[in-house]
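To start, the structure under review is shown below, and the notes come after it.
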Amino acid sequence: MPALHPIGVYDSGVGGLSVLRAIRDALPGEDLLYVADSAHVPYGEKSPAAVAARARAIADRFVRLRAKAIVVACNTATAAAIGELRALHPGRIIIGVEPAIKPAAHLTASGVIGVFATTGTLASPRFAALAQREAPEVRILLKPCPQWVRLVEQGELEGAAADAAVRQPVQELLAAGADVLVLGCTHFPFLRAAIQAAAGPGVTLLDTGAPVARWLRHQLQTRHLLNPATAGRLELAATGNPRALARAARALLGLDLPVQPVPAAWC
Ligand code: DGL
């Protein structure tokens, strides 16, 4: 029965756990398969073609595992490949994540918003179209932060290193007038405390974990694919070092789970 099939969720590394956390909260009965493509992290500094090739490989794997839905819990991969994945797997629920430009445009009082994301996301035609469509009247300041991805992968979420890494980019966007900051990479919610401390309490930070989880629930509901179970299973897998994902799941989700190294055929 397809409602009992799992949902595949992936990212380049541990960042997608910020989306997975929201999915577990919104859909506690679902079985979830999470893949960290950590042999290929960071995606943000790779070509769109390379990121899309990884998206195809991982989606194929999820399809073989009979996933009823696939969540691309990565802004960079969504920008590079979401259209192609939907064309390759018509009829399957395929959900991506995009920077929260629309709510930011509604919330700003200064008319200036800042977006922290990867180089790949900010350079993508998909992001340009999103900004044009959702915020034509707003000034959007772009800030690629590849070093933040590294910090989160290393588990440095708070303390001197995190504070030092976020201080200058945050100050720069605030000095240019931004009053809303968009966390446009799924790794960045894990630096939220450091970013909020640098920005001060009057600045709103936006990420998309909860809205993506609600959209996934809506899609499942519409197709009568909600799993009626009360407690779903979670399986973690990594194409790179399994220990980094196990540590992140402990630190970020409070879960002590084994991580499967994925078969070489994936890579
Ligand atoms: N977490 C990813 C994103 O949302 C990618 C980070 C990376 O691998 O560079 O864009």
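The values are calculated or read from the model by the stated rules, or taken from the named source; none is laboratory data. Note that the coordinates shown come from a computational prediction; the quantities given were computed from them, not determined experimentally. When we count neighbours, we look across all protein chains shown, and the Cβ atoms used for this are built from the backbone with ideal geometry, even at glycine. Surface areas here come from the heavy atoms of the whole protein model, side chains and all, with no ligands, DNA or RNA. Shrake-Rupley method; radii C 1.70, N 1.55, O 1.52, S 1.80 Å.
What FRET efficiency, computed as 1/(1 + (r/R0)^6) with R0 = 22 Å and r the Cβ-Cβ distance, is obtained for LEU257 and GLN154, rounded to the nearest 0.05? Given R0 = 22 Å and the Cβ-Cβ separation, E is 0.65.
What you get for region 107-261, charging only the Cβ of Lys and Arg (+1) and of Asp and Glu (-1), is a dipole of about 420 debye around the Cα centre. Annotation for ARG66 and ARG247: the two label points, set 7 Å from Cα along the Cα-Cβ direction, are 3.7 nm apart. Using θ = phi - 60° in the Karplus curve 6.51 cos²θ - 1.76 cosθ + 1.60, the 3J(HN,Hα) couplings for region 101-106 round to 5, 4, x, 5, 5, 6 Hz; x is entered for Gly and Pro.
Compute the separation of the alpha-carbon centres of region 27-59 and region 168-238 and state it in Å as a whole number. Their Cα centres are 17 Å away from one another.
Bridgeable aspartates and glutamates around LYS46 (alpha carbons under 20 Å apart, same-chain partners fewer than 8 residues away excluded): ASP11, ASP37, GLU84, GLU98, GLU153. A dipole drawn for the chain from +1 and -1 charges on Cβ atoms has a positive end, and of ALA81, LEU191, VAL149 the residue lying farthest that way is ALA81. Quantify how much of the Cα-Cα distance distribution of region 1-151 extends past 20 Å, in percent. Of all Cα-Cα pairs in region 1-151, 50 percent lie more than 20 Å apart. Put a plus charge on the Cβ of each Lys and Arg, a minus charge on the Cβ of each Asp and Glu, and nothing anywhere else: the dipole of the chain about its Cα centre is then about 680 debye. Taking the charge dipole of region 110-267 about its Cα centre, with +1 at Lys and Arg Cβ atoms and -1 at Asp and Glu Cβ atoms, the residue from VAL262, ALA176, LEU226 reaching farthest to the positive side is LEU226. Quick one: with all protein chains in place, what share of the accessible area of region 196-249 is carbon or sulfur, to the nearest percent (1.4 Å probe)? Exposed carbon and sulfur together represent 56 percent of the surface. Extents of the chain, taken as max minus min of Cα coordinates on every principal axis and listed largest first, are 54, 38, 37 Å. Summing Cβ point charges (Lys, Arg +1; Asp, Glu -1) relative to the Cα centre of region 39-153 gives a dipole of roughly 420 debye. With Cα atoms as the point set, the radius of gyration and Dmax of region 5-76 evaluate to 12.0, 37 Å. The orientation-averaged projected area of the convex hull spanned by the Cα atoms of region 85-149 comes to 5.6 nm². Note on the chain: helix-only mean residue ellipticity at 222 nm, from DSSP H runs of 4+ residues weighted -39500 (n - 2.57) and normalised by residue number, equals -13000 deg cm²/dmol.
Report the residues of region 188-232 in range of a label on ALA161: point 7 Å along Cα→C-beta, backbone N strictly under 18 Å from it. Of the residues in region 188-232, 188-195 have backbone N under 18 Å from the label point off ALA161. Couplings 3J(HN,Hα) for region 37-43, derived from phi with the Karplus relation 6.51 cos²θ - 1.76 cosθ + 1.60 (θ = phi - 60°), are 7, 6, 5, 10, 6, x, 6 Hz, where x marks Gly and Pro.
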